[in-house]
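A short worksheet on the structure shown next.
The values are calculated or read from the model by the stated rules, or taken from the named source; none is laboratory data. Note that the coordinates shown come from a computational prediction; the quantities given were computed from them, not determined experimentally. Backbone-built Cβ (ideal geometry, glycine too); neighbour counts: all protein chains shown. For the accessible areas, the whole protein counts, side chains as well, though only heavy atoms, and no ligand, DNA or RNA atoms are used. Shrake-Rupley method; radii C 1.70, N 1.55, O 1.52, S 1.80 Å.
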Amino acid sequence: MGERIFLSSPHMSDEGYEMAYVKEAFDTNWIAPLGNNVNMFEKELAEKVGAKAGAALSSGTAAIHLALKAAGVRDGDVVFCSTLTFSATANPIIYQNAIPVFIDSNYKTWNMCPKALEEAFEKYPEVKAVIVVHLYGLSADIDSIVELCKKHNVALIEDAAESLGTYYKGKHTGTFGDYGIFSFNGNKIITTSGGGMLVSDQEERIEKARFWATQSRDQARHYEHSELGFNYRMSNVVAGIGRGQLKVLDQRVEKKRCIYKYYKKALSELDGIEFMPENKWDEPNYWLSAITLTGEIRPIDVIEALEKENIESRPVWKPMHIQPFFEKYDYIGSNVSENLFENGICLPSDTKMTEEDLKRVVEVIKGLWLN
């Protein structure tokens, strides 16, 4: 059995950029939650994606939570949310005691279906916010979604946790809505081990988010709190890792793209395999290379065959509306997301993969079609 091939694991720069910034934090004794690395990471990431301001936080989940709070979501409010996503997208809706309504995907993008969203607006005209996900680095049909949100005067939050480095018509995902969120979890395209960022062109809202994230501590000599606060700020050490990782983001996107192209060239001729969609307006970061299977070979067959060879893969996200915790909430759609879940698989997309690693993966998968 060969060495372990991971789905998507942390990849520090060969140049040691991360260690240089972490060392700076230690040398200056700024190990506490705030410091120069935090300030600069916020500035550098916002500039990279073309947003006016950013707040560095403990996770992407925290960023979604504060985006909902900044958008004025309160008890009993309805929030539309992509159903084909990880639970971290939907959980903050519950934190705010709001009511999620899940919106189906379409096959064109694998992301939120504008037609289903329009139907949802007709059913729930009082909706307070929309959370759209850019799944696996694929951009949603964001122009259509922005247009609908503006028509109904509803805040749009982009969950770009998986799409840092993805462009829609030449502009970064995460910058079309009122708020954008990024994640730097260990499996993301760049990582800080854990952490997230909230970005927006509404600078005063970002400033407010920083205030909430720092326990809503008022300016006073003593500890004064006139609002509910959260312990959501990113540490200065973690932010140093992020600053170093940001320097190699473009390299990571290019490697992810090469991995996707390799799989597509090697596997496309196999009966029943289809790759995730490509659109002329979308420049994905290809965070994960995903396929769907419609023939006799099923996703579990591929997953188990790869596991036997010490290779990690996983199913496509299980939609939120069929999750035990969320199934009591409404869902608008036609089961596209369920079909993608039943037939989809994410292939190893680790940026440290060599050509030999890719050959190993392809040989295992092809072997299923030869038997």
Exercise for the section: Take the cross-link list Lys123/Lys264; Lys188/Lys280; Lys48/Lys208; Lys52/Lys318 and give me the ones stretching past 30 Å between alpha-carbons. Expected result: Lys123/Lys264; Lys52/Lys318
Problem - Separation of the Glu147 and Glu119 label points, Cα + 7 Å toward Cβ, nm - result: 1.9 nm
Practice task
Could you tell me which of rounded, prolate or oblate describes the range 42-181, using a ≥ b ≥ c as the square roots of the eigenvalues of the alpha-carbon gyration tensor, with rounded for a/c under 1.5 and, failing that, prolate when a/b is larger than b/c and oblate otherwise?
Solution key: oblate
Exercise for the section: Quickly rank 276-282, 184-190 as a protection proxy: mean count of other C-beta atoms within 10 Å, highest first. Expected result: 184-190, 276-282
Exercise for the section: Tabulate in residue order the Karplus-calculated ³J(HN,Hα) for the range 209-222, using 6.51 cos²θ - 1.76 cosθ + 1.60 with θ = phi - 60°, rounded to whole Hz; enter x for Gly and Pro. Expected result: 4, 4, 4, 4, 6, 10, 6, 6, 7, 5, 6, 7, 5, 9
Exercise for the section: Classify the range 159-243 as rounded, prolate or oblate from the Cα gyration tensor: take a ≥ b ≥ c as the square roots of its eigenvalues, call it rounded if a/c is under 1.5, otherwise prolate when a/b beats b/c and oblate if not. Expected result: oblate
Completion exercise
Of all DSSP beta bridges with both partners in the range 83-237, the antiparallel percent, nearest 5, is 45 percent
Practice task
Output the direction-averaged projected area (hull surface divided by four) of the convex hull of the alpha-carbon atoms of the range 202-353, in nm².
Solution key: 15.1 nm²
Practice task
Mind pulling the per residue volume of the convex hull built on the Cα atoms of the range 300-342? Å³ is fine.
Solution key: 70 Å³
Problem - Estimated inter-spin distance, Asn310 and Tyr223, nm [label 7 Å along Cα→Cβ] - result: 5.0 nm
Problem - 3J(HN,Hα) from dihedral phi, the range 123-137, Karplus parametrisation 6.51/-1.76/1.60, rounded to Hz, x for glycine, proline - result: 7, 10, x, 8, 3, 9, 7, 10, 10, 9, 9, 9, 6, 6, x
Problem - Label-reachable residues, the range 249-270, where backbone N falls under 17 Å from a point 7 Å from Glu355's Cα toward its Cβ - result: 255-267
Practice task
Quickly rank 131-137, 325-331 as a protection proxy: mean count of other C-beta atoms within 10 Å, highest first.
Solution key: 131-137, 325-331
Completion exercise
For Arg314, the residues 5 or more places away or on another chain with a placed amide H closer than 5 Å to its own amide H are Cys346
Practice task
Apply the Karplus parameterisation 6.51 cos²θ - 1.76 cosθ + 1.60, with θ equal to phi minus 60°, to every residue of the range 333-340 and state each ³J(HN,Hα) to the nearest whole Hz, in sequence, with x for glycine and proline.
Solution key: x, 9, 6, 5, 4, 5, 5, 5
Practice task
Quick one: which residues, 5+ away or cross-chain, put their amide H under 5 Å from the amide H of Glu309? H built at 1.01 Å from N.
Solution key: none
Exercise for the section: Hey, can you grab everything whose amide H is under 5 Å from the amide H of Asn106? Only 5+ residues off in sequence or another chain; H modelled, so Pro and N-termini drop out. Expected result: Asn111, Cys113
Exercise for the section: Mind ranking 38-47, 249-258 by how tightly packed they are, going by the mean number of other C-beta atoms within 10 angstrom, highest first? Expected result: 38-47, 249-258
Problem - Cα centroid separation - the range 341-371 against the range 227-306, whole Å - result: 13 Å
Fill in the blank from the handout: Given a 1.4 Å probe, the accessible area of the range 147-276 per residue, as a whole number of Å², is 45 Å²
Exercise for the section: Counting only DSSP beta bridges with both residues in the chain, tell me the antiparallel percent, nearest 5. Expected result: 55 percent
Completion exercise
Quick shape summary for the chain, equivalent ellipsoid via Cα gyration tensor, semi-axes whole Å in descending order, reads 34, 27, 16
Fill in the blank from the handout: A 1.4 Å probe over the protein heavy atoms gives the chain a carbon and sulfur accessible-area percentage of 49 percent
Exercise for the section: Return the aspartates and glutamates within reach of Lys255: Cα separation strictly under 15 angstrom, same-chain partners fewer than 8 residues apart disregarded; answer none if there are no such residues. Expected result: Asp14, Glu283, Asp350, Glu355, Glu356, Asp357
Problem - Length-normalised contact order of the chain in % [C-alpha pairs under 8 Å, at least 6 apart] - result: 25 percent
